Each structure stands twice: as structure tokens, then as C-alpha cells.
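Below is one structure, written out as C-alpha cells; the observations come after it.
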Amino acid sequence: MGSTHPNLAGKVAVVTGGGGVLCGSMARELAKHGVKIAILNYPKEFGDQTAQAINQSGGEAISIFCDVTKKEVVEQACVEVIEAFGQVDILINGAGGNHPEGSTTNELYSEKDIDDPEVRSFFDLTPAGFNHVFNLNLMGTLLPSQIFAKELLKTKGVIINMSSMSAPAPMTKVPAYSAAKAGIDNFTKWMAVHFGETGIRVNAIAPGFFLTEQNRRLLTNEDGSYTARTIKVLSQTPMKRLGKPEDLHGVLLWLVDDTFSGFVTGISVPVDGGFIAYSGV
Ligand SMILES: NC(=O)c1ccc[n+]([C@@H]2O[C@H](COP(=O)([O-])OP(=O)(O)OC[C@H]3O[C@@H](n4cnc5c(N)ncnc54)[C@H](O)[C@@H]3O)[C@@H](O)[C@H]2O)c1
């Protein structure tokens, strides 16, 4: 069978956070369609593993050290991408994550939590924790977008941001992450409008609950069984399962291929097994 997306062959994708579970999987999928991949990850070793897997299976990939929160570092990474591949057609802003000091231990306020040293209450959230999460998710999307948009303007390229189901309605316990991802949805629309006439399209993918390294401690116990939170998540997910990285591939291929989504910009697509559709009743 031929490729379902033949016009992706020969394009170049920059994937920040491509050393991680979801965006590593997305990078490998694009590579199968002939897209040349530049993984920009910090630490670089994780990116090396994704690039190596792609190269070993007949694709073409490079791994570049890049902390997405540092402008000069992203600029240098862009120079290296252009040296290697000459152009950029797709930017996936995948680097993202949370920080313990931006999260509360419990879902709901309780006075007894305040003096409990084992519990992080609302009053224990720190500016450093919030800054870390805002910086990584939001600044880490702005800076690569700014730097690579200069290349994307030449190719009429595509930007894909990574949102979350914590953006439309905040998830309990993770206020910093939820606010940052709501910011991603908002910024996705802003960039889509700003670049509307240029040919650059900007969209986001909003995964529901996927079991990855980032949330393993939240979703599973030491013995691999589901936590109370996961059981609650599944009770709110009509399809009654967690997401698998491959669940993102179809939306990704649709959004990066102009022949499929050429008039689509400024949206955030839920991939959540129906989580957002369910009122809980
Ligand atoms: N896992 C989920 O259920 C889920 C749900 C919704 C949204 N997301 C979002 O999807 C994206 C990928 O998530 P994942 O679960 O694959 O996470 P992951 O932790 O597996 O991958 C994130 C990658 O980003 C890298 N990274 C961290 N800080 C960086 C920095 N400053 N510069 C460059 N790279 C950096 C990490 O090394 C890692 O390789 C994130 O934006 C995440 O917030 C994940």
C-alpha cells in the first residue's frame, strides 16, 4: 500500500520534546511518511534514542540538544536544523510538563492540610513551581515558534502545539499545568490569527489521559495497578481506557497535511476517548 500522505515525503519536521513518549511516537510516525525529523530535546540523550530508532528503521532523523526555554539555545538549534536539512515545514511544540511545587496533594481545600508537612496545600504552591511550569509549557512554545516561524514563513509550514484536557476545564491538583495549557489553547488561536494570511497554520492537539513517564506516578501505583485518580478518570471516559500514543497519529497526519486540513487553523483537537463530552451524569 502506498503512503496515505504522499505529499509529506521530503518535508522537514522539528519536534521539541521528541525524546518523550507522545512526541517521540509522533516523530516516528511522521518519519514513516518520509518526513525528515529533527528532535530537539533536553536532555539530549532522550532525543538521541528517538532519532536512532527512526534511522534504524529506514527514516532520517537528527537529535539536537535544545532547552526550549532558552532563546539562544533554540536559535543555535535552528541553525543546526537548517545546516542539516535546509528548511523547516512542520514545528511540533511538544516539550512540556509539570512541577511538584505547582500541584496540590489533595483535590479539595481542607483546613487540616495547612499544617501537615506531608501535604502540599494551596498555600504551599510556590512562585518557582508556577514559573517552571509556565516557562516550560508557554515560553517553551513561544520561543521555538518565534525562531522557527522565520523558516515556516518560507515554506508555508505548520505549527502543532501540545495542549491537554486540563486546558478547557482545569484538572484538580495541577493548577499551574492547567493554566499553562489553557494558555497554549489561547496562544494557538492567537498565532493562527496573526499568521492567518501568511499560509502558516497553527493548531493544537489536546490529549486526554495517556500513561507516560510524566504522569506514571499519578496514574499508577508502584505495582502497576491504577490509582484512585485513574479509576476516576476512567469513570469519566466513555471509551473506558487510557490513550495510547498511536491514538494521536491520525490527528497529527491530518493537521500537518495541507491537502487534508488546508483550511483548518486555530483549533485544539481533543483526543480523549470522549472525556470532554461527558458531563459525569
Ligand atoms: N501524557 C499525557 O497524558 C499528556 C496529556 C496531555 C498533554 N500532554 C502533553 O504532551 C506533551 C508530551 O507529553 P509526554 O507525556 O510525551 O511527556 P514526556 O515527559 O514523555 O516528554 C516530554 C519530553 O520533553 C522533554 N523536555 C522537558 N523539558 C524540556 C526542555 N526545557 N526543553 C526541551 N525538551 C524538554 C523531556 O526530556 C521529554 O523527552 C507535553 O507537552 C505534555 O504536557 C501529555
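Within the shell of other residues whose beta carbon sits under 15 angstrom from the beta carbon of residue 45, the net charge comes to -2, with Lys and Arg scored +1 and Asp and Glu -1. Taking all Cα-Cα distances within the chain, those exceeding 28 Å account for 35%. When only Cα pairs below 8 angstrom with a gap of at least 6 residues are kept, the chain shows a relative contact order of 16 percent. With a Förster radius of 22 Å applied to the C-beta separation of residue 115 and residue 228, the computed FRET efficiency comes to 0.35. Simple rule: put +1 on each Lys or Arg Cβ and -1 on each Asp or Glu Cβ in the range 230-281, find the dipole, and look at 231, 278, 264; the Cα lying farthest toward the positive end is 231.
Between the range 47-116 and the range 136-157, the alpha-carbon centres lie 14 Å apart.
Scanning the chain for trypsin sites (Lys or Arg not before Pro) that sit in a DSSP loop and have at most 16 other Cβ atoms within 10 Å, the longest stretch containing none of them is 71-155. How big is the antiparallel share of DSSP beta bridges in the chain, given as a percent to the nearest 5? Of the beta bridges lying entirely in the chain, close to 5 percent run antiparallel.
Amide hydrogen proximity for residue 42: with H placed 1.01 Å from N in the peptide plane, the residues at 5 or more positions away or on another chain lying under 5 Å are 17, 66. The amide H of residue 210, built 1.01 Å from its N in the peptide plane, has 243 as neighbours under 5 Å, considering only residues 5 or more places off or on other chains. A Gaussian network model of the chain, with springs between Cα atoms under 10 Å, assigns the largest mean-square fluctuation among 58, 266, 224 to 224. The angle between the Cα long axis of helix 71-85 and the longest principal axis of the Cα atoms of the chain comes to about 40 degrees, rounded to the nearest 10. Amide H contacts under 5 Å for residue 173: 104, restricted to partners 5 or more places along the chain or on a different chain, H placed in the peptide plane at 1.01 Å from N. The local environment of residue 7, defined by Cβ-Cβ distances under 12 Å, has a net charge of -2 under the rule Lys, Arg +1 and Asp, Glu -1. Extension gain for residue 235 to residue 281 (0.36 nm times residue separation, less C-alpha to C-alpha distance): 15.5 nm. Taking Lys and Arg as +1 and Asp and Glu as -1, the other residues whose beta-carbon sits under 12 Å from that of residue 73 total -1.
Rounded to the nearest 20, the size of the Cβ-charge dipole of the chain about its Cα centre is 640 debye, with Lys and Arg at +1 and Asp and Glu at -1. Measure nothing fancy, just the Cα-based angle from helix 21-32's long axis to the longest principal axis of the chain, in degrees from 0 to 90, nearest 10. Between the helix axis and the principal axis of the chain, the angle is about 20 degrees. With helices as the sole contributors, the chain gives -11500 deg cm²/dmol at 222 nm; each DSSP H run of n ≥ 4 counts as -39500 (n - 2.57), and the sum is divided by every residue.
Coordinate-derived values only; no laboratory data. Bear in mind the structure is a predicted one, so any value in this text is a computation, not a measurement. Every residue, glycine among them, receives a Cβ derived from its backbone with ideal geometry; neighbour counts consider all protein chains shown.
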